[in-house]
Amino acid sequence: MIIVMRPFVAEADLEAVTSLIASMKLSSHVSRGAERTIVGVVGITNDKDTLRAQFVQMEGVESVVPISRSYKLVSREGRRERTIVRLPNGATFGGEQVAIAAGPCSVESEEQVRATAEAVSRAGANLLRGGAFKPRTSPYAFQGLGEEGLKYLRECADRTGLAVVTEVLDTRDVELVARYADILQIGARNMQNFGLLREAGGAQKPVLLKRGISATIEEWLMAAEYIYVAGCHDIVLCERGIRSYDSQTRNLLDLSAVPVLHTLTHLPVIVDPSHGTGIRALVAPMSLAAIAGGADGLLIEVHPNPAAALSDGPQSLTLPSFAELMGRLAPVAAAVGRSLPAPALAA
Ligand code: PEP
Ligand code: MN
């Protein structure tokens, strides 16, 4: 159930509502917009009609909306305004300006991260991506550099005006990764790792939640709800392709998820065309299509020498091809009323 308060409601009226919710052993989640405050009521209750009647009569309450959806707080009904996630370097997800995250699949060396960060910053990216902890299908594959990799990301991003997005794989590493990252990535394989969702949601950092390999949109939003309930309201959803029967591409990039999500949730949605296709030549066309279709940003794998990459070389753009893509994206973004970030480093 969602309780919509009147515009500019008095604190005392809001307090009366949340106290009543607490006295019923339910929990409340307050979402404050520019004009209006909305209270999400979470918990199990048998008598919804009585509950509704009680709240609707309270001072400061405008309306009470019963929600049958299982995700409440991340739903459009849960918050009227779209969420804009802002990072310390000025990058935004969900505003007029789209966010562009670029970088290697895995952090391999300081030199590799430095060269990539400089090039993508000059080309106009505003986040540096790269995995220091890698979820690999084989236990024998390169697993990442751990904290050493996090240090390279942080130092190179700071030197080039970028924010850091990097994956956290394990609840035991959330605090460590949160010390270095501006936004914590939860990967496709962990979308329903509920312990990790809770832990990341409590880390006081924004969270980028990738779609699970076979997750429905509803399951994905339920996973986002876990993070929201744990205290993190700055969540970015990332479509990265789902398993399909067709082996022409690594995954089936579901671009329709972008407009579908925009009708269901107030959270921003970005697209990862690299994992979504697995093929370098498809990254540019899918990036253009994603922005044209309303995506709030892109997450793109870029490597100084893809042929020598320790992971995902075949889907990684070279540094010049990333710069070329950024040039092609600008008119598409403008055509749909969006803009690209201004480069932090001179070209
Ligand atoms: C990644 O972005 O580094 C990654 C491992 O992606 P996914 O979780 O989508 O496979
Ligand atoms: Mn990868």
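Computed from the coordinates by the stated procedures, all read-outs in this text should not be read as laboratory data. Quick caveat, the model's predicted, so the values are computed rather than measured. Cβ sites come from the backbone with ideal geometry, for glycine too, and all protein chains shown count toward neighbours.
For GLN192, the conditions (1) buried (at least 16 other Cβ atoms within 10 Å of the Cβ); (2) closer than 21 Å to ILE235 by Cα; (3) touching a helix residue (DSSP H, G or I) at 6+ places or on another chain (Cβ under 8 Å) are fulfilled apart from (1). Any idea which of (1) closer than 29 Å to THR216 by Cβ; (2) touching a residue at least 12 places away in the same chain (Cβ under 8 Å) is the one PRO88 doesn't satisfy? PRO88 satisfies all of (1) closer than 29 Å to THR216 by Cβ; (2) touching a residue at least 12 places away in the same chain (Cβ under 8 Å) except (1). Looking only at residues of segment 122-136 that are over 20 Å from the mean Cα position of the chain (by Cα) and either more than 21 Å from LEU176 (Cβ to Cβ) or surrounded by 22 or more Cβ atoms within 10 Å (Cβ to Cβ) (or both), we find that the one that is farthest from ligand 1 (Cβ to nearest atom) is ARG122.
Of all residues in segment 126-151, those that are assigned to a loop (DSSP other than H, G, I, E, B) and more than 16 Å from ligand 2 (Cβ to nearest atom) total 4.
Go through the residues of segment 320-328 one by one and say whether even a single one is in contact (Cβ under 8 Å) with a residue 60 or more places away in the chain, buried (at least 20 other Cβ atoms within 10 Å of the Cβ) and within 16 Å of ligand 2 (Cβ to nearest atom). Yes, because at least one residue in segment 320-328 is in contact (Cβ under 8 Å) with a residue 60 or more places away in the chain, buried (at least 20 other Cβ atoms within 10 Å of the Cβ) and within 16 Å of ligand 2 (Cβ to nearest atom).
The set of residues in segment 306-319 that are away from ligand 1 (no atom under 15 Å from the Cβ) and touching a residue at least 40 places away in the same chain (Cβ under 8 Å) contains only LEU319. Filtering segment 223-278 to residues that are small (Gly, Ala, Ser) and either under 19 Å from ALA292 (Cα atoms) or in contact with a Gly (Cβ under 9 Å, 6 or more places away or on another chain) (or both) leaves ALA223, ALA230, GLY231, GLY241, SER256, ALA257, SER274, GLY276, GLY278.
Every listed requirement among (1) under 24 Å from ARG76 (Cβ atoms); (2) in contact (Cβ under 8 Å) with a residue 12 or more places away in the chain; (3) surrounded by fewer than 16 Cβ atoms within 10 Å (Cβ to Cβ) is met by HIS262 save one, (3). Of all residues in segment 150-176, those satisfying the criterion of being within 15 Å of ligand 1 (Cβ to nearest atom) and in contact with an Asp or Glu (Cβ under 8 Å, 6 or more places away or on another chain) are VAL164, VAL165.
Do we have any residue at all in segment 289-296 that's more than 16 Å from ligand 1 (Cβ to nearest atom) and at positive phi? Yes, some residue in segment 289-296 is more than 16 Å from ligand 1 (Cβ to nearest atom) and at positive phi. Scanning segment 221-257 for residues that are in a helix (DSSP H, G or I) and within 16 Å of ligand 1 (Cβ to nearest atom) returns ALA223, ALA224, ILE227, ALA257. Summed over segment 188-208, residues that are under 14 Å from TYR71 (Cβ atoms) and either within 16 Å of ligand 2 (Cβ to nearest atom) or in a loop (DSSP other than H, G, I, E, B) (or both) total 2.
Can you tell me which residue within segment 168-187, out of those that are assigned to a loop (DSSP other than H, G, I, E, B) and under 17 Å from the mean Cα position of the chain (by Cα), is farthest from ligand 2 (Cβ to nearest atom)? Restricting to residues being assigned to a loop (DSSP other than H, G, I, E, B) and under 17 Å from the mean Cα position of the chain (by Cα), the top hit is ASP182. Within segment 270-295, the only residue that satisfies the criterion of being surrounded by 24 or more Cβ atoms within 10 Å (Cβ to Cβ), part of a loop (DSSP other than H, G, I, E, B) and of a type outside the set (D, E, K, R) is ALA295.
The residues listed here are LEU253, LEU267, LEU298; of these, the one that is surrounded by 23 or more Cβ atoms within 10 Å (Cβ to Cβ) and closer than 14 Å to ALA101 by Cβ is LEU298.
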